[in-house]
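The values are calculated or read from the model by the stated rules, or taken from the named source; none is laboratory data. Predicted, not measured: the structure shown is a model, and the values here were computed from it. Note that each Cβ is placed from the backbone with ideal geometry, even for glycine, and that neighbours are counted across all protein chains shown. Surface accessibility is based on the protein's heavy atoms, side chains included, excluding ligands, DNA and RNA. Shrake-Rupley method; radii C 1.70, N 1.55, O 1.52, S 1.80 Å.
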Amino acid sequence: MTTSSEPPVPLPAAAPPPVLLAGHLHPGVLFLRFVDGVQRAVLPLVLGLAVERWFLALAAVLFVSQMSYGLVRYLTFQFVLTTEELITREGILNRQERRIPIDRIQDLGFESTLLRRLFGLVVVSVETASGSGKEALLDSLGRWEAERLREALLAVRSSRGTASAAAAVQLPPMADEIRLFAATTGELLLRGITDLRIGALLLTALAMLQFANEVPVVELRLLLGKFLQWLQSFPPAVLVALAAGLVLLVLGTGLIAAVAGNLVMFHGFVLGLRGEVLQRRYGLLTTRSKALPLRRVQRVVIEQSWLRRLLGYATVRVDSAGGSMDQSNDSKGGWDVVVPLCERARAEALLPVLLPHLAWDGAIWHAVSPRVVLRLFLKGALLVSLLLAAGLPALGAPALLATVLLPAAFAIGWLTWRNVAWAEVPGQLLLQWGWLGRYRAFVPVRKVQSVIVRAGPVERLLGLATVTVYVAGGSPTALGDLPYADALALQSQLATAAAQSARADWTCRRRADVPAPAAPMA
């Protein structure tokens, strides 16, 4: 046996991917850190001048530490965009480098407060498909540089699989933006008016219940008796006026807050389409700009609360892979809003843009089981029984008023049966829920990640089940009160269709990744 003494031939090192864009933070970030330092130091400074001198040293430490952090981050932070990934580096002693593959970046979000707008600064948040929030934060870039970063990212991502890395350096020009929707002041006012919450009433009721729990029943009756005697000292007209004034005060406060909040958040809302990328811009004090590629859309929801449904208006939301929302979530700073408010017909006209090839005009809707009426009636009867058991010993005959919940439960069940439905069209699953309001979700079947069937004790007794559909980001869409056999059949059908679609997508990607065979040499 012979062995070769020649060293192994090293494999050639892979060439680094071409750099498309590189940059640093804007110098204006130092002024922002100066403002932050002043805010942190102002309270110790006042205490040092008025109470104890050592607070002055604390104020100096807080101010210097904030400025030092800002200066170090400004001097060390760097971002690099290549044809393969976005790289951020920062830190001196604790050096940190983050690499985010281009294919994992879902979106770049822009935010600019009033102070940042004075200096032309933008906070850029990088979101990925993990759904865990911001993967990286670039605070703060100049607006022009931030726009260049977004344009370069969208351009190189659109050229994936169709151009080589060297060709991708020559970024193609972006298409002109087509305006799809612009919110008017009247629509934003109407959104605020129809967005009225009864939070103040709920807080008052909770406070009263807490007070009642802490006060013994005998003392509660005495207090209630004294309060009734005090009210009887007023003429009936004054009592009616006081009650009406209290209700108007609570509703008026909530109305003003809702209207002002919507006007500030969605001021100047514009929805545009640039190539295959949705662009949203809005905000009065804090301006926001969001780009969302259409292929990242996981779900579209048309929402109509009972008042908006009565007026014929609707809100449109999208769910992307980078951030999830549930059926009642409204706390994402408006990131998921595509249309704040418009006529329902205009909202439905946007569906073919948001979900290309969607054709649902001839969809056949399937109602849920009529046993939903019985289920909700039984729950209402159980609630009435508990209220009577707790209220009769303490309140006596007035506790019998709880029985009005029985016809209310029946009415809610009947309205639910009339509103909740589902339908299938080629490549799409349509889900509808609500009893006074109406909410419709449009879910591409190829986006479905999992389908779960659940049934509680009452549902199992009545042979009912709930089907919950999950898309990327963990956003659930639930359809309840299906017959159990139908729920299992729908689950199997969706899972099979989603698996076939995923297999087809994987095959297409494999074919795109395999290089074409080289031409034979002459």
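With a 1.4 Å probe and all protein chains left in place, how much of the accessible area of region 18-122 comes from carbon and sulfur atoms, in whole percent?
Working: 3720 of 5760 Å².
Carbon and sulfur: 64 percent of the exposed surface of region 18-122.
Amide H of residue 107: which non-local residues (sequence gap of 5 or more, or other chain) have their own amide H closer than 5 Å, using H built in the peptide plane?
127
When you count, for each residue, the other Cβ atoms within 10 Å and take the mean per peptide, how do 17-27, 103-113 rank with the highest first? Each step should come with its number before you reach the end.
Values: 17-27: 16.7, 103-113: 20.2.
Packing proxy ranking, top to bottom: 103-113, 17-27.
Accessible surface of residue 97 in the full protein assembly, 1.4 angstrom probe, to the nearest 10 Å²?
Accessible area, nearest 10 Å²: 90 Å².
From the phi angles alone, apply the Karplus equation (6.51, -1.76, 1.60; θ = phi - 60°) to region 141-148 and give each ³J(HN,Hα) in whole Hz, x where the residue is Gly or Pro.
After applying 6.51 cos²θ - 1.76 cosθ + 1.60, I find 9, x, 4, 5, 5, 5, 5, 4 Hz.
Rounded to the nearest 0.05, what FRET efficiency is calculated for residue 306 and residue 449 with R0 set to 45 Å and r the Cβ-Cβ distance?
Efficiency for this residue pair is about 0.90.
Less than 17 Å from a label point 7 Å out along the Cα-to-Cβ axis of residue 178: which backbone N atoms in region 258-290 qualify, by residue?
Taking a point 7 Å out along Cα→Cβ of residue 178, the residues of region 258-290 whose backbone N falls under 17 Å are 271-280.
At a 10 angstrom cut-off on C-beta neighbours, averaged per residue, how do the peptides 186-193, 42-49 rank from highest to lowest?
Values: 186-193: 18.6, 42-49: 15.4.
Packing order, densest peptide first, comes out as 186-193, 42-49.
Using a 1.4 Å probe and ignoring any ligands, DNA or RNA, find the accessible area of residue 53 and quote it in Å² to the nearest 10.
Counting only protein heavy atoms, the figure is 150 Å².
May I ask you to give the percent of accessible area on region 253-302 that is carbon plus sulfur, with a probe radius of 1.4 Å?
Working: 1200 of 1760 Å².
Carbon and sulfur atoms account for 68 percent of the accessible area of region 253-302.
For a quick check: with amide H placed at 1.01 Å from N, whose amide H comes under 5 Å from residue 278's, ignoring anything fewer than 5 positions away on the same chain?
HN-HN under 5 Å from residue 278: 292, 294.
Can you tell me which aspartates and glutamates have their Cα less than 19 Å from the Cα of residue 447? Leave out same-chain residues fewer than eight positions away.
Output for residue 447: 103, 107, 127, 276, 319, 326, 336, 424, 505.
Pop the C-beta distance of residue 500 and residue 267 into the FRET formula with R0 = 41 Å and round what comes out to the nearest 0.05.
On the way: r = 45 Å, r/R0 = 1.10.
That gives a FRET efficiency of 0.35.
For region 39-148, state what percent of all Cα-Cα pairs lands in each successive 5 Å bin, counting from 0 Å until the bin that includes the largest distance.
Once binned at 5 Å, the Cα pair distances of region 39-148 give 2, 11, 15, 17, 16, 13, 10, 7, 5, 3, 1, 0.
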